[in-house]
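A.B. asks: Here it is, the structure, as structure tokens.
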């Protein structure tokens, strides 16, 4: 049965939810990883793996949403809150330009003290001072927060931000698009339909978007497939109606070391919550086989490490993410390594047997200079 399901997918038929669950539950790990890698080579038929030189900027840690798995946020009035000034953010972007970066990913919390003028002035000044840098900013819940403060619709907020210079809306905050799971881990984010609606509005404006997935909250495998189903359905709708959709799907397991959710479930963490390497690789493989209409699957090295990310490149992923240069959200939950140099990403890609290619956030290939390193155990593939 497993072989028949895989053969059906390779013949170009979309994987059903029922068959995705069968593969998730019953397929031997080596078989599902091989099937996903072969499918990846059909979607992206080359020996290249892409990466992005960028910087994460977390402009404020003030947030009223209080997600239980987040160790980064601070409630309004807390002694450790901050909101960065525009000049401080611009200085960080200048540092990115100096290493040949092409994009900032700028996200923060839902900060009710920031009005529309803060966001518009920030984007306008960054666009004026740094015209070569793509500004992929905020998340659906931040857009909802701005809409509430300004009494605008979320679509109107997106239109204003786009006019000011915003290039894309990253897909942060999706976690699990399953109502029961979402109500347990982040009830103030509301129904999954809110996230999907804001992302569809962004796509209707031509903004660059990505889809994300945090798993390991104790949800069922059916819940994980349901999350992917909702992503796949929105992708199909947006491609048909707007001729643009998600560029990629990015999944990683929840980090539980230092947050409320981890402490609340202490004792279960190592058995039921989070995900180890084999479960993560299986999840990536299922995503590649199921999300047939999303062109790129990204490996998550900040949460899993570069070694496991290398394995993900043989399990359906064709992109290894970005250098990040700065990261404060995932690291606050206990992850040790949240920055990589371009050299480190190239090295990981080559050791996995692929050719590194630098890209921008639109997945357009850029000039790539391979860093020579005598410690590489193999040459860059020629095909």
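FYI, it's all coordinate maths here, none of it is from the lab. Given the structure is predicted, the values throughout are model-derived calculations rather than measurements. Glycine also receives a Cβ, built like all others from the backbone with ideal geometry; neighbour counts cover every protein chain displayed.
A.B. asks: For a Förster distance of 35 Å, can you work out the FRET efficiency between the beta-carbons of residue 34 and residue 78, rounded to the nearest 0.05?
C.D. replies: Values: r = 49 Å, r/R0 = 1.40.
E between residue 34 and residue 78, to the nearest 0.05, is 0.10.
A.B. asks: Further question: For the chain, with a Gaussian network of springs between Cα atoms less than 10 Å apart, report the residue from 42, 359, 74 with the top mean-square fluctuation.
C.D. replies: So, out of 42, 359, 74, the one fluctuating most is 42.
A.B. asks: Given a Förster distance of 30 angstrom, what is the FRET efficiency for residue 222 paired with residue 42, based on the Cβ-Cβ distance and rounded to 0.05?
C.D. replies: Numbers: r = 27 Å, r/R0 = 0.90.
Efficiency, from the Cβ-Cβ distance: 0.65.
A.B. asks: Of the candidates 240, 31, 310, which one comes out as most mobile in a Gaussian network treatment of the chain with C-alpha springs shorter than 10 Å?
C.D. replies: 240
A.B. asks: Figure the gain on full extension for residue 307 and residue 94 (residue separation times 0.36 nm, minus the Cα-Cα span) and round it to one decimal in nm. Please list the in-between numbers first.
C.D. replies: Numbers: separation 213, 0.36 × 213 = 76.68 nm, distance 3.07 nm.
Computed gain between residue 307 and residue 94 is 73.6 nm.
A.B. asks: Can you give the helix-only mean residue ellipticity at 222 nm for the chain, where every DSSP H stretch with n ≥ 4 adds -39500 (n - 2.57) and the sum goes over all residues, rounded to the nearest 500 deg cm²/dmol?
C.D. replies: Details: 15 runs with 165 residues, N = 383.
The helix contribution divided over the chain gives -13000 deg cm²/dmol.
A.B. asks: Run through all the Cα pairs of region 93-229 and give the fraction in each 10 Å bin from 0, expressed as whole percent.
C.D. replies: 12, 40, 31, 15, 2
A.B. asks: While we're on this one: Give, in nm to one decimal, the length gained when the segment between residue 150 and residue 365 is fully stretched (0.36 nm per residue of separation minus the Cα-Cα distance). Intermediate values should be presented prior to the final figure.
C.D. replies: On the way: separation 215, 0.36 × 215 = 77.40 nm, distance 3.82 nm.
Gain in length upon complete extension: 73.6 nm.
A.B. asks: So if each residue of separation counts as 0.36 nm, and I subtract the Cα-Cα distance between residue 18 and residue 87, what length gain in nm does that give? Please report the intermediate quantities before stating the final value.
C.D. replies: Details: separation 69, 0.36 × 69 = 24.84 nm, distance 5.19 nm.
Result: 19.7 nm gained on full extension.
A.B. asks: By DSSP, what percent of the beta bridges with both residues in the chain are antiparallel, rounded to the nearest 5?
C.D. replies: Details: 2 of 31 bridges.
Among the beta bridges of the chain, antiparallel pairing accounts for roughly 5 percent.
A.B. asks: Okay, next question. Once you place label points 7 Å from the Cα toward the Cβ at residue 343 and residue 26, how far apart are they in nm?
C.D. replies: If labels sit at residue 343 and residue 26, their model points lie 5.0 nm apart.
A.B. asks: With all distinct Cα pairs included, what does the Kirkwood hydrodynamic radius of region 178-258 come out to in Å, to one decimal, could you say?
C.D. replies: Roughly 13.6 Å, rounded to one decimal.
A.B. asks: A follow-up question, please. Among 209, 341, which comes first, then next, by fewest other beta-carbon atoms within 10 Å? If you can, show how the numbers build up before the last one.
C.D. replies: Details: 209 26, 341 13.
So the ranking, lowest neighbour count to highest, is 341, 209.
A.B. asks: Mind listing P(r) for region 91-137? All alpha-carbon pairs, 10 Å bins, whole percents.
C.D. replies: Percent of Cα pairs in each bin: 23, 53, 22, 2.
A.B. asks: Quick one: Cα centre-to-centre distance for region 38-69 and region 202-240, in angstrom?
C.D. replies: 14
A.B. asks: Follow-up question, since we're still on this one. Just 85, 48, 144 to compare: in a GNM of the chain, with alpha carbon springs under 10 Å, which one fluctuates most?
C.D. replies: Of 85, 48, 144, the Gaussian network model singles out 85 as fluctuating most.
A.B. asks: Using Cα pairs closer than 8 Å and at least 6 residues apart in sequence, work out the relative contact order for region 2-359, in percent.
C.D. replies: 24
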